[in-house]
Amino acid sequence: ETGVTQTPRHLVMGMTNKKSLKCEQHLGHNAMYWYKQSAKKPLELMFVYNFKEQTENNSVPSRFSPECPNSSHLFLHLHTLQPEDSALYLCASSHGLAGGFTDTQYFGPGTRLTVL
Amino acid sequence: GNSVTQMEGPVTLSEEAFLTINCTYTATGYPSLFWYVQYPGEGLQLLLKATKADDKGSNKGFEATYRKETTSFHLEKGSVQVSDSAVYFCALRKGTDYKLSFGAGTTVTVRA
């Protein structure tokens, strides 16, 4: 399997549920990202990890908890979400964070989350 | 700050028509420029990129040229197919910063 994969592709959860989104990259990259894509809003960067260390938390509410056990895997743990958190959650990876030619971000297919 | 402005959609075309999606940017220095495409129900896929002035990115029949004098990176395709129906996002990345600034996206629908 190649590229960036995300599971599940679709998730419906109640506001009291706890669930996790998983991202895996097979590109040998060191940096991983979580984005939120809501209808009619620009893509929002949520978290960034580089070599398993969090380098960015873009003022994300604590009901979203990221975890990066290694450079290939990234999780987003969800707890007591609100209906307005319903969105497409996209994972991306890049070789690094230096912004050079090789640091293009590659995206996964996303998890469509619906919070009831 | 850095920003990207795309032409508003939606854009509806007939098959084999010429497609242009305008993208202009605001940034200091020399950003890298990207076009991403999102097919229905999917995530973003990198379509093409350019890292310096006058570079032309191309892929799948799409082209875009980095024009510093007009701060533009317009996307073009000479003959679209139904399978090109998607949302197209222009994005920039400034210098050594890893953060991408995305445009709002342009929805393109190609009819047979």
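The values are calculated or read from the model by the stated rules, or taken from the named source; none is laboratory data. Given the structure is predicted, the values throughout are model-derived calculations rather than measurements. Ideal geometry is used to build each Cβ from the backbone, glycine not excepted, and the neighbour counts take in all protein chains shown.
Mind listing just one residue for me: the one in the stretch B:59-112 that is acidic (Asp, Glu) and away from chain A (no Cβ under 11 Å) and, of those, farthest from A:Leu45 (Cα to Cα)? Going through the qualifying residues, I end up with B:Glu69. Counting residues in the stretch A:52-71 that are within 12 Å of chain B (Cβ to nearest Cβ), among the β-branched types (Val, Ile, Thr), on the phi < 0 side of the Ramachandran plot and surrounded by fewer than 21 Cβ atoms within 10 Å (Cβ to Cβ) gives one or more. I'd like to check something: does the stretch B:29-49 contain any residue that is surrounded by 14 or more Cβ atoms within 10 Å (Cβ to Cβ), more than 16 Å from the chain's Cα centre (by Cα) and away from chain A (no Cβ under 11 Å)? So far as the stretch B:29-49 goes, no, none of its residues is surrounded by 14 or more Cβ atoms within 10 Å (Cβ to Cβ), more than 16 Å from the chain's Cα centre (by Cα) and away from chain A (no Cβ under 11 Å).
Conditions tested, residue by residue: (1) surrounded by 14 or more Cβ atoms within 10 Å (Cβ to Cβ); (2) farther than 30 Å from B:Tyr30 by Cα; (3) without any contact (Cβ under 8 Å) to a residue 40 or more places away in the chain.
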| position | (1), (2), (3) |
| --- | --- |
| A:Cys23 | yes, yes, no |
| A:His29 | yes, no, no |
| A:Phe75 | yes, yes, no |
| A:Leu88 | yes, yes, no |
| A:Ser94 | yes, no, no |
| A:Thr104 | yes, no, yes |
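Listed by position, the strands (runs of 3 or more DSSP E) inside the stretch A:1-105 whose residues that are farther than 17 Å from B:Tyr98 by Cβ and either within 10 Å of the chain's Cα centre (by Cα) or modelled with pLDDT of 95 or more (or both) number at least 2 are A:4-7, A:10-13, A:18-25, A:64-70, A:73-79, A:87-94.
Report, by residue number, each residue of the stretch B:62-104 that is among the β-branched types (Val, Ile, Thr), in a strand (DSSP E or B) and under 27 Å from A:Val48 (Cβ atoms). Before you say what the answer is, go through the steps one by one.
Here is the first cut: in the stretch B:62-104, the residues among the β-branched types (Val, Ile, Thr) are B:65, B:70-71, B:80, B:82, B:87, B:96.
Still in the list and also in a strand (DSSP E or B): B:65, B:87.
B:Val87, the sole residue that qualifies.
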